[in-house]
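Notes follow once the structure below has been shown.
Derivation of every value follows stated rules applied to the coordinates shown; laboratory data play no part. These numbers come from a predicted model, not from an experiment. Heads up, the Cβs are rebuilt from the backbone with ideal geometry, glycines too, and the neighbour counts pull from every protein chain shown.
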Amino acid sequence: MVTAWLTVEGREAAAEVVNRVRTAVRLTADQAVSLATLLTAEGQPDAAAPFWCQVTTDPETGVETRWRAIQELLASGNAAPAEQALRTALAASPAAGEVLLLRRLLAWVCPPTGSV
């Protein structure tokens, strides 16, 4: 469906297509990964960023997939949205294990500064 929209409306409409999808349905983590991968392959890493952020902060998603999402965000220059998503998820997460994982992901996005 997204491929058809991009074909018809053009690559410049990627952000609008993403907004339509996010408004219309709540994607599972697997669907978000698939869509983010497609958009990245189509040369639209900024349009893929919201989906990678969703994957990064989804507690039901496996750790390996979450690390991959962070890698994709950092590789495409989308550290700021990744940081914001992780900070928002940290503020909302009561589970100790989840908090630890989110802090580790955040430390990868924003390494602590200090003397060595």
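Segment 26-115: which trypsin sites (Lys or Arg not before Pro) are DSSP loop and have at most 13 other beta-carbon atoms within 10 angstrom? Qualifying residues, ordered by number: Arg26. Give me log10 I(q)/I(0) at q = 0.19, 0.25 Å⁻¹ for segment 35-116, Debye formula, one equal scatterer per alpha-carbon, no solvent. Results for segment 35-116 at q = 0.19, 0.25 Å⁻¹ read -0.76, -1.18. Fully extending the segment from Glu42 to Leu100 would add 17.5 nm, taking 0.36 nm per residue of separation and subtracting the current Cα-Cα distance. Taking 0.36 nm per residue of separation and subtracting the current Cα-Cα distance, fully stretching the chain between Ala107 and Ala80 would add 8.4 nm.
Computing FRET efficiency as 1/(1 + (r/R0)^6) for Ser34 and Arg87, where r is the C-beta to C-beta distance and R0 is 25 Å, gives about 0.45.
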